[in-house]
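Notes for the one structure printed next.
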Amino acid sequence: MTALTDPKLAQVLDREHDAARAQWAARAKAGAGSAPRQAPPDFRSSERMKTSYLAIRPDQGRFLYGQVLATGARRIVEFGSSFGISTLYLAAAAQETGGHVTGTEYHPEKAAKARGNLSEAGLSADILVGDARETLSGGEGEIDLLFLDGAKDLYLPVLRLLEPRLRKSAVVIADNIPTDPARHGDFMAAISEPASGYATCVLGMSKGGMSHSVRL
């Protein structure tokens, strides 16, 4: 049995994935026939963002888990833990590599739920509460794997903040990256150019795409 197949973890993941799917379906139904989608609300002040499952799906979770194991990552940082679904996958893999996960979440309510999910699954991780540009500043030690899944306009600032700590061959994975290059923004432009210091590709997943980069 691996950490990912532990019954306690499987029970928590099944429940949280089901809750996320139910919320997405309810909101999609409520929004059917409404006005065209507008820009996403400010994650800091929106009441909806405090209660939204901004979660990865199972195939993405298994990918994260596998990347930690494949690279032997021990120091793992996550920007945007939400209710902790992705954190569960990362922490399960870290348990096998002897590593540790440091997550970040702006909203205390979400951080509390994420910590509860981790505890219920028998896993551990640090969840820092507040603006990641502040909570992750001043950290020490090399980073083996960085997962970006918070506010998309902060991907590049958070990457630049942590870049001095990324070891050679460190992996950077970012969620919600369009597979169409024409829709790539500043983050992908910065991490994909030949002189960026990264080898980057975009992978198609069940929910959009994820970028995968290796620090050169």
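The values are calculated or read from the model by the stated rules, or taken from the named source; none is laboratory data. No experiment lies behind these values; they were computed from the predicted model shown. Ideal geometry is used to build each Cβ from the backbone, glycine not excepted, and the neighbour counts take in all protein chains shown.
Observations on the model:
- When Glu96 is tested against (1) in contact (Cβ under 8 Å) with a residue 60 or more places away in the chain; (2) closer than 23 Å to Leu162 by Cα; (3) not in a strand (DSSP E or B), just one condition goes unmet, and that condition is (2).
- Count - residues of segment 92-127 that are of a type in the set (Ser, Thr, Tyr) and more than 23 Å from Lys50 (Cα to Cα): 1
- Residues that are at pLDDT 95 or above and part of a loop (DSSP other than H, G, I, E, B), drawn from segment 125-140: Ala125, Gly130, Asp131, Leu136, Ser137
- None of Glu105, Glu78 is in contact with a strand residue (DSSP E or B) (Cβ under 7 Å, 6 or more places away or on another chain), in contact (Cβ under 8 Å) with a residue 60 or more places away in the chain and under 20 Å from Ile56 (Cα atoms) except Glu78.
- Pick from segment 59-75, criterion more than 21 Å from Ala151 (Cβ to Cβ) and free of Cβ contacts under 8 Å to residues at least 60 places away in the same chain, ranking: nearest to the chain's Cα centre (by Cα): Arg62
- When we screen Val68, Val77 for residues that are among the hydrophobic types (A, V, I, L, M, F, W, C), part of a helix (DSSP H, G or I) and at pLDDT 95 or above, the only hit is Val68.
- Note on segment 178-216: residues that are under 21 Å from Asp144 (Cα atoms) and in contact with a strand residue (DSSP E or B) (Cβ under 8 Å, 6 or more places away or on another chain) total 18.
- Meets criteria (surrounded by fewer than 20 Cβ atoms within 10 Å (Cβ to Cβ), under 16 Å from Arg15 (Cα atoms) and out of contact with any Lys or Arg (no Cβ under 6 Å at 6 or more places or on another chain)) for Gly84: no
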